[in-house]
1. Examine the stretch 181-190 for a residue that is of a type outside the set (Gly, Ala, Ser), assigned to a loop (DSSP other than H, G, I, E, B), at pLDDT 95 or above and open to solvent by 20 Å² or more (accessible area, probe 1.4 Å), and state whether such a residue exists.
2. List pairs: first residue in the stretch 157-177 and touching a residue at least 12 places away in the same chain (Cβ under 8 Å) and within 18 Å of ILE206 (Cβ to Cβ), second residue away from the ligand (no atom under 16 Å from the Cβ) and among the polar types (S, T, N, Q) anywhere in the structure, Cβ distance under 9 angstrom, at least six positions apart or on different chains.
3. Looking at the stretch 1-21, which of its residues are in contact with a strand residue (DSSP E or B) (Cβ under 9 Å, 6 or more places away or on another chain) and in a loop (DSSP other than H, G, I, E, B)?
4. Of all residues being farther than 22 Å from ALA215 by Cα, touching a helix residue (DSSP H, G or I) at 6+ places or on another chain (Cβ under 8 Å) and of a type in the set (A, V, I, L, M, F, W, C) in the stretch 253-279, which is nearest to the ligand (Cβ to nearest atom)? Just the residue, please.
5. In the stretch 232-252, how many are more than 15 Å from the ligand (Cβ to nearest atom) and either open to solvent by less than 30 Å² (accessible area, probe 1.4 Å) or among the aliphatic types (A, V, I, L, M) (or both)?
6. With respect to GLY182, determine if the residue is within 14 Å of VAL238 (Cα to Cα) and within 15 Å of the chain's Cα centre (by Cα).
7. Residue by residue through the stretch 148-159, note down the ones that are open to solvent by less than 10 Å² (accessible area, probe 1.4 Å) and within 12 Å of the ligand (Cβ to nearest atom).
Amino acid sequence: MKAIVIHEFGPPDVLKYEDVPDPQPREGEIRIRVHAATVNRVLDVSLRAGREGFRGAALPLIPGVDCAGVVDAVGPGVRNWRPGMRVAAAGVMPLDIVAEDGEGYCGPEGMMGIKRPGGFAELVCVPACAAIELPEGLDFHHAAVVMRHVPTAWNLLFHVAELKAGETVLVMGAGGNLGSIGIQIAKNVIGATVIAAAGSEERAQIGRELGADHAINYNTHDLRAEIMKITGGKGVDVLYDNIANPKVLPQAFRAIGYEGRLVTAGAHGGPNVTIDFSYLYHQRITIKGMPGYHPLDVPLCFAAAAEGKVRTQIERVLPLSRAAEAHRLVESGESQGKIVLDPTLG
Ligand SMILES: NC(=O)c1ccc[n+]([C@@H]2O[C@H](COP(=O)([O-])OP(=O)(O)OC[C@H]3O[C@@H](n4cnc5c(N)ncnc54)[C@H](OP(=O)(O)O)[C@@H]3O)[C@@H](O)[C@H]2O)c1
């Protein structure tokens with residue numbers, strides 16, 4: 001099969017489009033013919049550049065931390081999957097959920113594309129229990145983006161922030177991936193009042209179009225003052241930030257109301273941010289970081305996407321062979337939506 005292989009960390013050109021042996025599904029695994037894999041700022045671009053050493057990626061590596069496609073073959077002990085089924089998988093392949101065979105086997109632990117071969121390939125094997133069947137009406141490209149971002153946003157808002165209908169949430173990075181999805185989950189699924197914030201009018205407008213009740217460009221407006229105006233001086237119940245922008249997060253933090261919660265699963269704009277601890281304890285604010293997601297939420301996320309409650313933004317779909325170009329696009333910071341690689345296009 002064809003795959004992207006990294007033999008050494010470095011610039012985008014280290015992504016080599018090569019012939020490698022077809023992977024064979026082991027016990028409890030399914031093999032997926034990949035139709036889509038997303039390109040990510042941290043887990044692909046930063047990893048390829050050699051800036052994510054602590055994650056322990058072993059070279060040579062087939063990257064790609066998610067995929068969507070069609071089941072192509074099944075390993076021994078797999079009963080609920082058969083070739084032809086539409087499927088997505090991503091991230092850490094956990095050990096702590098019960099496998100189909102009831103014996104708890106879920107394949108080797110580790111994140112696909114980092115600790116085990118990833119989705120930048122024509123074929124990839126994943127533990128059957130870490131895969132989800134796709135609902136009708138969701139194409140592979142959008143399914144890969146749903147798999148990558150929606151469960152994380154869902155977990156942050158539902159379980160970590162415990163955002164309730166009628167509460168107010170401030171969503172930072174309204175035009176970004178977790179931001180744009182967070183707006184829709186908060187508004188369309190939870191029923192909260194949503195204030196979107198972004199660093200440009202164009203990205204603030206994306207927030208409005210996705211259903212935010214208010215949108216603020218923090219480069220032209222005083223973020224805290226605007227939020228206090230909107231909330232009648234009360235501040236927001238939840239601040240959802242996955243950026244850690246040192247210029248903006250301190251202002252946003254001081255817009256959190258009494259007993260408010262700050263939740264996060266990302267820090268690419270930081271990571272160091274100055275926090276007003278006096279405000280923190282007087283306002284009884286909780287800060288919680290939580291990457292990843294809860295496996296039981298994944299079907300709910302796909303159902304929300306299939307129902308149109310959560311729409312993902314795709315900027316471009318490129319053939320797998322153009323992975324280096326895809327990395328450059330993400331690195332340039334100019335792309336507004338997700339870049340997706342499709343191995344069926346070459
Ligand atoms: N499973 C997980 O835990 C999980 C899953 C997905 C993502 N993440 C993490 O969550 C974070 C957000 O991911 P994403 O895909 O939503 O990001 P993204 O779409 O690439 O970027 C989100 C926003 O960050 C701001 N931004 C971009 N570059 C910046 C920079 N250099 N300095 C300051 N701000 C910058 C921009 O918003 P403005 O309008 O404010 O400029 C952009 O819209 C990442 O750190 C990612 O690693 C974690």
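1. Going through the stretch 181-190, the residues of a type outside the set (Gly, Ala, Ser) turn out to be 181, 183-185, 187-190.
Filter again for assigned to a loop (DSSP other than H, G, I, E, B), leaving none.
Looking through the stretch 181-190, none of the residues is of a type outside the set (Gly, Ala, Ser), assigned to a loop (DSSP other than H, G, I, E, B), at pLDDT 95 or above and open to solvent by 20 Å² or more (accessible area, probe 1.4 Å).
2. VAL169/THR193
3. The answer is MET1, HIS7, VAL20.
4. By that ranking, first place goes to VAL273.
5. Count: 4.
6. Details: within 14 Å of VAL238 (Cα to Cα): yes; within 15 Å of the chain's Cα centre (by Cα): yes.
Against the criterion (within 14 Å of VAL238 (Cα to Cα) and within 15 Å of the chain's Cα centre (by Cα)), GLY182 qualifies.
7. Once the filter is applied, which keeps residues that are open to solvent by less than 10 Å² (accessible area, probe 1.4 Å) and within 12 Å of the ligand (Cβ to nearest atom), the stretch 148-159 yields VAL150, PRO151, ALA153, LEU156.
Residue by residue, here is whether (1) hydrophobic (A, V, I, L, M, F, W, C); (2) at pLDDT below 95; (3) in contact with a helix residue (DSSP H, G or I) (Cβ under 7 Å, 6 or more places away or on another chain) holds:
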site: ALA143; (1), (2), (3): yes, no, no
site: ALA153; (1), (2), (3): yes, no, yes
site: HIS159; (1), (2), (3): no, no, no
site: LEU163; (1), (2), (3): yes, no, yes
site: THR168; (1), (2), (3): no, no, no
site: GLY173; (1), (2), (3): no, no, yes
site: ASN177; (1), (2), (3): no, yes, yes
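The values are calculated or read from the model by the stated rules, or taken from the named source; none is laboratory data. Please read all numbers here as calculations on a predicted model, not as lab measurements. Every residue, glycine as well, gets a Cβ built from its backbone with ideal geometry; the counts of neighbours run over all protein chains shown. For accessibility, only protein heavy atoms count, side chains too; no ligands or nucleic acids. Shrake-Rupley method; radii C 1.70, N 1.55, O 1.52, S 1.80 Å.
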